[in-house]
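**Q** What follows is a structure written as structure tokens; I'll ask about it next.
The values are calculated or read from the model by the stated rules, or taken from the named source; none is laboratory data. Bear in mind that the values here come from a model prediction, so they are computed numbers and not experimental data. Quick reminder, even Gly has a Cβ in these numbers, built from the backbone with ideal geometry, and neighbours come from all protein chains shown. Areas reflect the complete protein model, heavy atoms only, side chains present, ligands, DNA and RNA absent. Shrake-Rupley method; radii C 1.70, N 1.55, O 1.52, S 1.80 Å.
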Amino acid sequence: MFVRPLRRLLGRPQLVSYFHSTPSSWASRKVIQKFQLADIGEGITECEVIKWSVKLRPIALAVLVSCATFWAFSSTVKPASRIQAFDPLCEVQSDKASVEITSPFDGVVKELLVQEGEVAKVGAGLCLIEVEEEVDEAETSSVDAPQAPQTSSTAPTQAAPESEPPSPPVQQESQSQRKPHPLDPNVESRPLGNQVDVLAAPSVRHYARQYQVDLAKLSPGSGRDGRIEKADVDAYLSGSSSSKSVTTGSSTPLVPQEGDVVVELGRTRYGMWKAMVKSLDIPHFGYSTTLDLTALHNILPALNAHIPQHFLPLSHLKQDQLLVNPSALYPAPTPSQVEPSYQFAKLTYLPILLKTLSKSMVEWPLFRSSITSTTATDAASAKPSLTIRPQADISIALSTPTGLYTPTLQRANTQSIYGLASQLKHLSYLGRQVPCGLSPAEMPKRGGTITVSNVGAIGDGDFASPVLVPGGGVAIVAIGRAKWVWDVNRGDGTGERRLKVGISWSADHRVVEGAELAAFVECWRAYVEQPERLIADSV
């Protein structure tokens, strides 16, 4: 009864063409938009995708079934997930915090370009979203018109047979996309487990992926609230390497390299490349001498014996039994314990050298100055100028696994020797992270006016030739390794055994004269070789 009217309905060209062109003046078309990871600030260049709020699920686009004739129309099944504007799209995490990213479009998520647990660069695509854009009817009429006759001719053909129903469509595409059962023994297991649910910083996750370590096996970690730290990964690697050596006996010899290998420079090393090329525009002036550290060496044991309690690790805290309570009348000021990355148990010469250098910089405003940055138009019309800062900002050349960085100790002259040692310990901790944990807070854009490179901590050299780069201040100094030598100029001509260290300076000769650099170094020498002067300043 209903077969013939249904055939007439589907066989009319007017009704079929209605699905391709509308009488309205506006039409819509679907466009694929790539959603990119925007800059979330604070100098962050990459983030890890922790969780996607949308899930790709099969959605049938169109289905039309008739029970009387046993035929059906069905479209292909594609993975998609509809989302509205300002709906939560995904959650990303940097070394500082977790940020929830919302969708800027109304549409359908077609593809995830970055999976959960992977790292995305700022500006890279996160997903593809299909959106509908309104266009004028005149633009779409030229495309829709030729399709109408073809559709009208095919509609009766599909509805013509009455006695023999068509065979059901073969859904090979959907079967190829079907996921295997997780308990299927034929399914190959992934090398790494689910690392999304464990607590770990992105730097620790990146470090674990480099060595193919499953963080799920290390959970809970030794950090706060079970957070997995880099030390947990190192302990796991050391344990696995020792077990392998026991089982395998001797390791296989390394295969020698055959032929040349081309290695692309990383981001940090390429930045160093460009900075060194720009350093050729600076006329350098070099100056080298030695500093006598014997007096510092004599007072160093006393300074180490009186490190403030809030700077010491928990394993080095001393429980002094005082006969009289100093807080009996009123609570004495007790500084709060610093973070473990700031704690240290032994004082070295470097914080004292930095403190004495900052005292000399206060006396010499020239070495607290930097070249004032100007635009191209101002540089052509005005003379260069210097900006003198009120405090001593000292940059530290820090060699890290990912490259060379120059974090800055700001207002070094206002900090104590113990405070500078704590800052150096924290900078060293951040530099050892992979990727590097240094942020704009430790590396301000203008940097320091003097850069210090402690090359003596690596090699056995006495002197070096440091290079000053644009934006690195007016001078740079390289400190060698301290050595005991026999100084024949002491002891009434008989000589004395003294502890001396070599220092090598390079200054911007456009700003600093040779005589000024030599006089400034002598001012620094007076503080280093006579540390008793610091007592008068209540250091």
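**Q** Find the residue count for the range 27-38, including only residues that are modelled with pLDDT under 85 and under 16 Å from residue 89 (Cα atoms).
**A** Count: 2.
**Q** While we're looking at this one, here's another question. With the condition kept exactly as written, say whether any residue in the range 271-286 is out of contact with any Leu (no Cβ under 7 Å at 6 or more places or on another chain), assigned to a strand (DSSP E or B) and modelled with pLDDT of 90 or more.
**A** yes
**Q** For residues that are among the β-branched types (Val, Ile, Thr) and at pLDDT 95 or above, scanning just the range 486-511, find the one that is nearest to residue 465 (Cα to Cα).
**A** 503
**Q** Right, something else. If the requirement is being under 30 Å from the mean Cα position of the chain (by Cα), open to solvent by 50 Å² or more (accessible area, probe 1.4 Å) and among the β-branched types (Val, Ile, Thr), which of these qualifies: 334, 268, 348?
**A** Every option except 348 fails the conditions.
**Q** Condition test on residue 343, is it farther than 25 Å from residue 450 by Cα and at pLDDT below 90?
**A** Criteria not met by residue 343.
**Q** Give the residue that is least open to solvent (accessible area, probe 1.4 Å), with candidates limited to residues of the range 468-492 that are over 23 Å from residue 355 (Cα atoms) and under 33 Å from the mean Cα position of the chain (by Cα).
**A** Top of the filtered list is 469.
**Q** Is it true that some residue in the range 431-439 is of a type outside the set (D, E, K, R), over 28 Å from residue 364 (Cβ atoms) and assigned to a helix (DSSP H, G or I)?
**A** yes
**Q** Can I ask one more? Only one of these is in contact with a Ser or Thr (Cβ under 6 Å, 6 or more places away or on another chain), open to solvent by less than 50 Å² (accessible area, probe 1.4 Å) and over 27 Å from residue 428 (Cα atoms): 372, 289. Name it.
**A** The unique qualifying residue is 372.
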